[in-house]
Structures are given as C-alpha cells and as structure tokens.
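Have a look at the structure below, then the notes.
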Amino acid sequence: MVDTERAILQAAKVVFLKKGLAGASMKDIADETGMSRTLLHYYYRKKETLFRAILLDIVNKIIPKICSIIETDLPLIVKIERVIDVYHDLLIEDPLIPHFMLMEVRRDPQALVTLIRSHSTNFGSLQRIQQQIKDEMKIELLGESPLAHLFVSMYGPLLFPFLARPALNEVFFENEPEAFPQFVRERKAIAMTMLRGLFKNPHPNPVEKNVVDEDKTKSIDSKILPKSNGVKRRHINSETDISIE
C-alpha cells in the first residue's frame with residue numbers, strides 16, 4: 001500500500017470515529033488528509049468503499065498472524081502470549097484500531113465476523129483451541145462457555161487500556177509520552193499472570209527460559225538486578241487519542 005493510501009486510511013479512521021459512517025462525508029475525509037476531493041476520489045469514490053478498505057487493512061494485519069499461531073502445536077498459554085504480543089505491537093503502532101473495531105462491532109457485528117472468517121485460512125482451528133481448553137485449562141473455572149470466557153479474559157485486559165487511553169493519560173500519566181507504552185508493557189505481564197491462573201500447567205516446558213541452577217542463582221550478586229525507580233512521565237500527543245461518544 002502506497003503512503004498516500006495509508007494516509008487516507010488513517011485520516012478516514014479519525015473522521016469515522018468522530019462522526020460515524022453515516023455522519024462522515026468524503027469532504028470531511030479530504031479535509032482531514034489535506035488533499036482535494038478530486039485526488040481523494042482517484043483512490044476512493046465512496047465513503048463506504050473507504051470504510052471497508054480500513055476494515056480489510058486491519059483484518060489483513062491481524063488475522064494471518066493469529067491463524068499461524070493458532071495452527072501450531074504449541075501449548076495454549078504460549079499461543080495466547082504470542083497473540084497478545086501481535087496485538088500489542090500493532091496497537092502501539094496504530095492506537096486507533098481498537099476504537100474503530102469497537103465502532104464496527106456496535107454498527108454491524110455480523111458483517112465484521114463475516115469479513116474476518118472470509119480472510120481466515122483455517123478458522124476450523126477453533127476446534128483445536130476448544131480441545132486445548134479441555135486438556136490444558138481448569139475447565140471448572142470457565143463455566144458453560146469456556147471459549148467465550150477465554151476470549152473475554154484475553155481481549156478485555158488487552159484492548160481496554162487502549163480504549164481508555166485518553167483518560168489514563170489525563171488522570172494517571174500527566175500526558176507523559178513514555179508513560180502509556182510502559183504501562184502497556186506492564187499490563188501484558190499482569191494479564192499473563194492472571195491468565196496463567198486458569199491453566200493446569202501455567203509454565204509449560206516449551207516456552208520456559210533456560211533455568212539457572214538454584215544454587216547458582218543464590219550466588220548471583222543482587223546488585224546486578226535492575227532497580228525499579230518508577231517511570232518517567234512525559235507529554236503524550238493527544239491528537240491520536242480519540243474517544244467515542
């Protein structure tokens with residue numbers, strides 16, 4: 001995708017988030033991009049086409065990577081951690097994605113699900129996930145809908161910080177630019193700790209780092225361990241922080 005198209009999609013996200021699909025116009029999008037309507041129409045003639053292009057772009061960034069992880073033979077907790085890594089990297093790069101996807105979930109959830117399934121190489125892999133849930137998780141903790149509980153337990157902590165970013169910046173971080181990325185990294189560790197509590201074996205061997213012999217560990221000078229002095233907070237660019245009314 002050329003830089004001009006990328007700029008159009010990003011500007012259109014801002015406009016759609018502010019006004020919704022129904023309220024947005026091609027003129028609004030042209031104004032946001034700083035280009036003429038004639039040039040915008042060269043790339044996209046209708047706002048509906050542009051809206052779908054944004055969804056396709058997001059789906060194509062996420063779904064192939066997620067499917068490739070799901071289809072492996074890795075333990076489920078490892079798959080979850082890798083999926084979270086994929087989302088974290090993407091959402092740090094483009095923090096408008098959660099807002100846009102939430103808007104589409106509210107507007108037309110069936111269309112979104114259909115689009116995701118049409119671009120998934122093997123969503124039958126969900127059956128594999130369901131079997132792994134039975135085999136690897138404390139199924140008694142997951143009620144009558146284990147897959148739904150796992151989905152919410154994973155995506156809730158993952159997406160909410162990005163949706164609440166404007167408030168978090170204002171209330172807790174004093175609009176410091178390094179604060180939110182650091183917070184997200186910390187949240188990943190906390191989220192994984194909570195998720196591991198649902199597993200029979202929360203630290204499966206395939207992903208364990210090299211374990212140092214306990215006696216050797218005791219001999220390590222504690223001075224080499226980094227001290228936590230807190231996170232220095234600086235200003236965050238609020239132009240990327242969009243709230244949905």
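Data table
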read-out	value
List Met194, Met137, ordered by accessible area with a 1.4 Å probe, largest first	Met194, Met137
Tensor-based shape of region 1-61 (alpha-carbon gyration tensor, a/c under 1.5 rounded, otherwise prolate or oblate)	oblate
³J(HN,Hα), Karplus 6.51/-1.76/1.60, whole Hz, each residue of region 57-63, x for Gly, Pro	4, 5, 4, 5, 6, 9, 4
Chain lengthening between Lys61 and Glu48 when straightened (0.36 nm per residue, less Cα-Cα)	2.7 nm
Cα gyration tensor, region 33-192 - rounded (a/c under 1.5), prolate or oblate	oblate
For Phe199, residues with placed amide H under 5 Å, excluding near neighbours	Lys138
Contour excess over end-to-end distance, with Cα ends at Val105 and Glu170 and 0.36 nm allotted per residue	20.7 nm
Heavy-atom accessible surface of region 1-160: percent carbon and sulfur, 1.4 Å	55 percent
Glu178-Lys27 pseudo-label distance in nm [points 7 Å out on the Cα-to-Cβ vector]	4.6 nm
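The values are calculated or read from the model by the stated rules, or taken from the named source; none is laboratory data. Quantities reported herein were computed from a predicted structural model and do not represent experimental measurements. Cβ atoms come from the backbone with ideal geometry, glycine included; neighbour counts cover every protein chain shown. Ligands, DNA and RNA are excluded from the accessible area calculation, which covers all protein heavy atoms including side chains. Shrake-Rupley method; radii C 1.70, N 1.55, O 1.52, S 1.80 Å.
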